[in-house]
């Protein structure tokens, strides 16, 4: 018999045991358009399950990626067509108060498209990411590209970490969250370096 899920992941064992991949897709999906759900936690739990052979790690990653992108795009549609008035009216039911939304929107506007990718790793911004992109009028294709990149990095990181770390994943996860700011800075630097490299190459082209 496979070992139980470690520590704070244990409460997800009945959900994953009964619904499997459906649980992963559903929880990640609803979290990504603002519903307070343990998307990151279930991704870790599913990765541990995959490491013990109860789920397939590639299937977990593909389903989580698709659910993350779909959830954020639903959030984008809500923000785009519902606008700020809709968010102010209904956001309080998912803990997205007008004050929190305005602060997140201002941060989003200052940092532009790249924050769509980085926001995937920030609790609070991850849930409001798509909605804010919609209310600020970001072009959908631009949002889709940055969002897909962020989803791929987020799913890839936590699924691989949980798959390899197994029962030690919660301790490692706590350490990563403790140094989350430094991780975000490193991701931002890598993205900036990639953009600069791309621009330099384009300028050198005849």
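The values are calculated or read from the model by the stated rules, or taken from the named source; none is laboratory data. Values in this document were obtained by computation on a predicted structure and should not be read as measured data. Note: ideal-geometry Cβ built from the backbone for every residue, glycine included; neighbour counts use all protein chains shown.
Do you know which of the residues in segment 112-121 that are in contact with a helix residue (DSSP H, G or I) (Cβ under 7 Å, 6 or more places away or on another chain) and either over 11 Å from residue 76 (Cβ atoms) or at pLDDT 85 or above (or both) is surrounded by the most Cβ atoms within 10 Å (Cβ to Cβ)? So, considering only residues that are in contact with a helix residue (DSSP H, G or I) (Cβ under 7 Å, 6 or more places away or on another chain) and either over 11 Å from residue 76 (Cβ atoms) or at pLDDT 85 or above (or both), the one surrounded by the most Cβ atoms within 10 Å (Cβ to Cβ) is 119.
When each of 132, 176, 172 is tested for being within 16 Å of the chain's Cα centre (by Cα), outside any loop (DSSP other than H, G, I, E, B) and at pLDDT below 65, the lone residue that passes is 176. Answer yes or no: is there a residue in segment 53-76 that is surrounded by fewer than 18 Cβ atoms within 10 Å (Cβ to Cβ), more than 30 Å from residue 143 (Cα to Cα) and modelled with pLDDT under 85. Checking segment 53-76: at least one residue is surrounded by fewer than 18 Cβ atoms within 10 Å (Cβ to Cβ), more than 30 Å from residue 143 (Cα to Cα) and modelled with pLDDT under 85. Scanning segment 144-155 for residues that are farther than 17 Å from residue 61 by Cβ and surrounded by fewer than 22 Cβ atoms within 10 Å (Cβ to Cβ) yields a count of 2.
Of all residues in segment 43-58, those satisfying the criterion of being touching a helix residue (DSSP H, G or I) at 6+ places or on another chain (Cβ under 7 Å) and over 16 Å from residue 153 (Cα atoms) are 45, 46, 48, 49, 50, 51, 55, 56. May I ask you to verify whether residue 145 is more than 14 Å from residue 72 (Cα to Cα) and either at pLDDT 80 or above or part of a helix (DSSP H, G or I) (or both)? When the stated conditions are applied, residue 145 does not pass them.
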